[in-house]
Amino acid sequence: MMTDVREIWLFVRRNLKFVVFITAGVVILAFILALVLPARYVGETVVMLDPRKTEVTNIQSVLSSLPADNAAIRSEIDIIRSRSVTDRVIDDLRLMQDSRFNASLTGMGWIEHLFAGVTSEDTAQQTEHDRSIIAEKLLKNLEVFNDGRSYSITIRYYDHDPQMAAKIANAFADEYLVDQLEVKYEATQRANSWLSKRLDELRDKVSASEKAVEDYRTTNHLIGVSIAGVGQETLTQQQLSELNVQLLQSRAERSQAEARLNSVKGLNDEQLASSSIAIASPLIQQLRQQEAEVRRKVADLATRYGDRHPMMINARNELAGIHDKIREEVHKIIAGLQNDYDIAKGKVESLEKELTNLTAQTGQGNKAMVTLRELEREAAANRSLYEGFLNRFKQVAEEQNLQIADARVIARADMPLKPYFPKIWIFLTLGTLIGLATGIFVALLLEYLDRGIRSLSVAEKAFGVSGLGIVPIAATTDGQLPTDYVLKKPLSVYAESIRSVRAAVHFSNVDQPPKVIMVTSSFPGEGKTVFAASFARLMAKSGSKVLLIDADMRRPRIHSILSLDRTKPDLAKVLAHDAPLAAAIQKDISGADVLIAHTRPPNPQDLVSSQQMEKTDRDRARAI
């Protein structure tokens, strides 16, 4: 794992072009895919569940209104996706006759179906099979959801035809509302039918209970009489009430007659004549007036005649007659009072006897009334239940013709103008992300599989030796060699890395710095020639005496890199004693001495390991 920031930066620099190349390829592929893939359109219809209750008949619906909670909304979503609503959509849009949806109408299917000689049962099974396939296709491309924050349900349908996408989305919404109304209509119709049967039963029950009341009342002579403020009483109870009133009145009359009779008992004739009862008699009052007149007449005659005068005698006889009439009338009044008392007494006794008989009858009637009241209560309960069911039946009959759905469409789907899929910017974004991820993954995989050395610490750890430094690839322009770049850009990274190697070589032994440095590599093309030439030029520029010897006699390149003269003797001639060393050394533009190798001898190993080579190196080192 790379934890060093510098190593991460080096990793990015090494693989940037590779990652960019893969990312660009994936983005181009995604762009082509977005252009090639068939376009898909989406039709969107929004249905809102209405929690408000509309009750035109001021009663609750037979099918209760929809509660707008999460469970109810989820249930309504399931209803929209149900097979019954889907079948309605299929029939409404005639999808069974649409070859895009019914695969039996495409290719040779309809010909095979025509000449197969199938029965009506097989046809029905095939039709149902086709319908099931169409329903599965519709539900596969149908999306119904709620955002959880409102009562709105969104219906989306995806199709390659924009017009069909909008039509199917609207059809699902419409058929869902129709399904709601039909469910309510069926519920009210079932309730109406049940109420009708129940009303017939209750009507018979009410008739039977009322007939039982009347039969029992007639059998037990409990004829009802309605009395205002009292309620309903039997005839016996009414007679008993009236008889009690008459008895009270008769007893009062008897008491009054007895009091009048007692007031005159024990009185003499004079007291009777002057009693209030006698005085109240009109006849006695008239007789008293006659008596007064006769008394005046007698008094008048007495002044003129004597006691034996006939007129006096007649007057006294007339006065005595009046007294007799008064006495007779008083006795008649007393006899009348006695008679009134006897009548009142007899009437009281008669009423008491009759009251005793009616009381006995009333006791028996009250026992019968208990049963009668029970029958009446049962009849009243049946009547009340019947009236309630009759009222409910009428209300349900009204609601059967006036049903309102619990939802409404608030936004119908219009034909989409732009495709929902594919969206180029999404493909480009995903392509970029996938390309970057793929490029980084492949780069990491290649780095993991690459066993080469990327850093000085790795080399030191792998070989157990100290490293002098790392020289990066020089960022030169086209046609420019690193050996020239190191002179033109002495402050570049490439030049600084070579100086760091030179410093490391110098400080490897401060007391006796090395004078001979050999640059070699395991394989050709690894940069040893360029490094050696660049190293020699930088040392020469810094004022050091440098001799650059090209000892690669199989593939010599120093002369071409440094643009030296190939006509002069080279290393092979010097080692073969064909030319002196001084004649073979050439001067570079940096001031360094160079011994090239352009001749390819058959035995370069023998020449390099010869004593002449050792002597040449030793002499040159002393010269330096």
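Values computed for the structure shown
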| read-out | value |
| --- | --- |
| Per-region count, the stretch 88-106, residues free of Cβ contacts under 8 Å to residues at least 60 places away in the same chain, within 15 Å of Asn170 (Cα to Cα) and surrounded by 15 or more Cβ atoms within 10 Å (Cβ to Cβ) | 2 |
| Pairs, first surrounded by fewer than 11 Cβ atoms within 10 Å (Cβ to Cβ) in the stretch 503-518, second of a type outside the set (Asp, Glu), C-beta under 6 Å, six or more apart | Pro513/His506 |
| Which numbered condition Ser150 fails, given (1) small (Gly, Ala, Ser); (2) modelled with pLDDT of 80 or more; (3) in contact with a strand residue (DSSP E or B) (Cβ under 6 Å, 6 or more places away or on another chain) | (3) |
| Condition check for Leu481: under 27 Å from Lys545 (Cβ atoms) and at pLDDT 80 or above | yes |
| The listed residue being at pLDDT 70 or above and either open to solvent by 40 Å² or more (accessible area, probe 1.4 Å) or under 21 Å from Asp340 (Cα atoms) (or both), out of Asp215, Asp269 | Asp215 |
| Check on Glu328, at pLDDT 75 or above, open to solvent by 70 Å² or more (accessible area, probe 1.4 Å) and assigned to a helix (DSSP H, G or I) | no |
| Every residue from the stretch 127-140 that is open to solvent by less than 70 Å² (accessible area, probe 1.4 Å) and either at pLDDT below 85 or touching a helix residue (DSSP H, G or I) at 6+ places or on another chain (Cβ under 8 Å) (or both) | Thr127, Asp130, Arg131, Ile134, Ala135, Leu138, Leu139 |
| Output for the stretch 504-522, where each listed residue is outside any loop (DSSP other than H, G, I, E, B) and closer than 12 Å to Met539 by Cβ | Val505, His506 |
| Residue identified as open to solvent by less than 80 Å² (accessible area, probe 1.4 Å), at pLDDT 75 or above and aliphatic (A, V, I, L, M) among Val486, Val465 | Val486 |
| Residue in the stretch 435-451 that is within 30 Å of Val42 (Cα to Cα) and at pLDDT 75 or above present | yes |
| Flag for Gln286 being within 30 Å of Ser350 (Cβ to Cβ), assigned to a helix (DSSP H, G or I) and at pLDDT 70 or above | no |
| Every pair of residues 6+ apart whose Cβ atoms lie under 6 Å, when the first sits in the stretch 156-179 and is more than 16 Å from Tyr420 (Cα to Cα) while the second is in a helix (DSSP H, G or I) and open to solvent by 30 Å² or more (accessible area, probe 1.4 Å) | Ala171/Asp92; Ala171/Leu93; Glu175/Arg88 |
| Tabulated pairs, the stretch 4-23, first within 26 Å of Leu428 (Cβ to Cβ), second surrounded by fewer than 14 Cβ atoms within 10 Å (Cβ to Cβ) and at pLDDT below 85, C-beta under 9 angstrom, 6+ apart or interchain | Asn15/Leu446; Phe18/Leu446; Val19/Val12 |
| Filtered residue count, the stretch 130-149, keeping only those that are without any contact (Cβ under 8 Å) to a residue 40 or more places away in the chain and under 20 Å from Val42 (Cβ atoms) | 6 |
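The values are calculated or read from the model by the stated rules, or taken from the named source; none is laboratory data. Here the structure is a predicted model, which means the values were calculated and not measured. A quick note on method: Cβ atoms are made from the backbone with ideal geometry, for glycine too, and the neighbour counts reach across all protein chains shown. All accessible areas refer to the heavy atoms of the entire protein, side chains included, with ligands and DNA or RNA removed. Shrake-Rupley method; radii C 1.70, N 1.55, O 1.52, S 1.80 Å.
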